[in-house]
Structures are given as structure tokens and as C-alpha cells.
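Heads up, the thing below is written out as C-alpha cells.
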Amino acid sequence: MIRSALMNVMTAAAIKAGRGLKRDYGEVENLQVSVKGPGDFVTAADQRAEKTLFEELSRARPGYGFLMEEGGVVEGSDKSHVWHIDPLDGTSNFLHGIPIFAVSLALERDGQIVAGVVYNPATDDMYVAEKGQGAFHNNRRMRVAARRTLAESMVACGIPPLAGIAHHARFQTELAAAMAKIGNIRRLGAAAIDLAMVASGRCDGYWERGIKPWDIAAGIILVREAGGFVTDLSGGSDMMTKSEICTGNETIHRLLLDLLRKA
Ligand code: LIP
């Protein structure tokens with residue numbers, strides 16, 4: 001396990017925010033049958049979680065900046081450090097009572113992601129990584145899967161929602177190519193969880209277009225510290241600015257990237 005002061009701060013903040021989300025998640029079940037539905041309630045739950053994370057991290061590391069899904073950019077006096085915060089990744093799953101969502105937070109130091117935490121409070125799964133110290137799932141070291149062929153692999157993806165119509169045609173082409181080569185394809189609905197599945201060896205790869213920096217910041221270091229490869233869909237390292245990602249062990253990442261490029 002990672003015993004650094006930084007990881008203690010991050011996991012404590014994630015657990016506190018997750019405690020509130022888990023309470024709210026229980027209420028969402030009851031709201032499914034309400035006429036208005038749980039939409040507004042989920043937005044409030046998302047904002048409560050983000051407020052908890054902002055308060056806890058500001059107290060522990062005064063001066064660090066923030067890039068948050070709900071609250072946007074908060075400039076800090078310490079220009080070397082920025083928190084990347086997604087208080088509730090997998091919002092639609094949460095809204096529909098599906099227990100695949102996470103608190104996702106990462107620390108960027110001098111332009112590099114140096115630590116990440118992905119915590120699913122519904123299942124009490126804590127995924128952590130810190131640069132040079134490895135990646136862990138509930139304190140057990142994680143390694144990416146060792147499979148070497150797409151045919152034997154399970155690969156996660158991001159099916160664009162109705163609102164992501166700009167990505168529909170490209171995804172349909174990619175999915176057709178992927179289905180012709182990959183053993184099993186899954187759509188979990190939360191990028192942070194997708195990346196935790198790759199880091200923990202449950203999924204062999206993952207790709208998605210149209211994701212946000214806060215969706216993937218923590219998961220990127222989970223995969224890298226678990227021995228995996230992460231690039232954008234051109235094979236470069238501009239995932240956060242291009243809002244796209246391709247990941248896996250060295251072989252599967254290369255095969256998946258090649259497949260998608262040719263699609
Ligand atoms: C979600 C991502 C997911 C993507 C969804 C959505 P959110 O983030 O984690 O991978 O496919 O469209 O962007 O909105 O739940 O934080």
C-alpha cells in the first residue's frame with residue numbers, strides 16, 4: 001500500500017465525499033418512481049460531493065489550484081499544483097441506481113499527474129496510485145492483464161450518449177471494427193471505473209472519445225503505475241486536451257490503437 005501523506009489526504013477526502021454519495025445513492029432508488037425523477041437530486045448530490053472534496057483538499061493543501069467538473073477552475077497561489085476533480089463519475093449510472101460510479105481525484109504537479117484516487121462508495125472499492133510507488137486496489141498491488149491477443153480480450157468502451165451525437169457515426173464505425181476482432185466488449189458508463197478495470201487486470205483495454213480531463217486524470221496514473229500504456233487515439237500523450245483515450249497492456253494497447261486507426 002502507499003503510505004505517503006499525500007495519499008492519506010486524497011483517500012480521506014474521497015472517503016468523506018463517498019460517504020455522502022452513498023447516502024444519496026440510497027435515496028435515488030426511492031426517487032426512480034417519482035414523476036420528476038431523481039435528476040435534480042443527483043445534481044445536488046454531485047455538488048455536495050464536490051464541495052466536500054474542495055473543502056477537505058483546500059484545508060490539507062492550501063494554495064493548490066482546482067479543475068472541477070461542477071465548479072470549474074479555481075486558481076491557486078501555488079501554481080505548481082492542480083487538483084483534477086470529478087466528484088461523481090458515472091452520473092447517469094448513479095441516477096439510474098446502477099452501482100458503477102466513482103469519486104475521482106488526481107494531483108497534477110508541474111504538468112504531470114503524480115497521484116490518483118478512484119473510489120466507488122457503492123462497492124467500497126478504493127483504487128490508488130502515486131508516481132513511482134505502484135497502483136493498488138484495496139491495498140493489494142494491481143497489474144494490468146497479461147493477455148496478448150484481442151480475440152481473448154475484454155475491452156471497455158464509451159458509447160456516446162444521445163447528447164454526444166457528434167461522436168455517433170465514428171463510434172459505430174469503430175465498434176464494427178472492434179466487434180470483428182475483440183473477444184468481448186463492455187460499456188461500463190464511468191471512465192474512471194473503466195481505467196480502474198484496466199489497471200486491475202479485469203479489462204484488457206479501453207477506448208473512448210469525448211471524455212473530459214477530470215474523467216480520466218486519476219485513471220491514467222492508475223493504469224501507468226500498474227504497467228499499462230495510455231495514449232490519445234493518435235498514439236500521442238494529448239488525452240486530456242484531445243478528450244480521447246486508448247489504453248491496455250503494451251501489446252493490447254498497440255493492437256487496439258492500430259485497429260481504431262484503421263476503422
Ligand atoms: C461520464 C464518463 C463516461 C462517458 C459518459 C460521461 P460523467 O462522465 O465517465 O465514460 O461515457 O458520457 O461523460 O458525466 O458521469 O462524470
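The values are calculated or read from the model by the stated rules, or taken from the named source; none is laboratory data. Small disclaimer: the values here were computed from a predicted structure and weren't measured. No Cβ is skipped: glycine too gets one built from the backbone with ideal geometry, and neighbour counts run over all protein chains shown. Side chains are part of the model used for accessible areas, which takes the heavy atoms of the whole protein and leaves out ligands, DNA and RNA. Shrake-Rupley method; radii C 1.70, N 1.55, O 1.52, S 1.80 Å.
Taking the criterion of being crowded, with 20+ Cβ neighbours inside 10 Å and either more than 11 Å from Pro87 (Cβ to Cβ) or not assigned by TED's automatic domain parsing to the domain that holds Lys16 (or both), the only residue of region 47-61 that qualifies is Leu57. Among the residues of region 1-24, write down those that are in a helix (DSSP H, G or I) and either open to solvent by 70 Å² or more (accessible area, probe 1.4 Å) or in contact with a Phe, Trp or Tyr (Cβ under 6 Å, 6 or more places away or on another chain) (or both). The answer is Asn8, Ala14, Lys16, Gly18, Arg19, Lys22, Arg23. In summary, Trp214 fulfils each of the numbered conditions (1) in contact with a Leu (Cβ under 6 Å, 6 or more places away or on another chain); (2) near the ligand (Cβ under 10 Å from one of its atoms) with the single exception of condition (1). Being open to solvent by 10 Å² or more (accessible area, probe 1.4 Å) and without any contact (Cβ under 8 Å) to a residue 24 or more places away in the chain holds for only one residue in Lys242, Lys212, Lys181, and it is Lys242. Within region 29-44, not a single residue is open to solvent by 50 Å² or more (accessible area, probe 1.4 Å), within 21 Å of Thr241 (Cβ to Cβ) and not small (Gly, Ala, Ser). Checking each residue in region 20-34 for being touching a residue at least 12 places away in the same chain (Cβ under 8 Å) and aliphatic (A, V, I, L, M) picks out Leu21, Val28.
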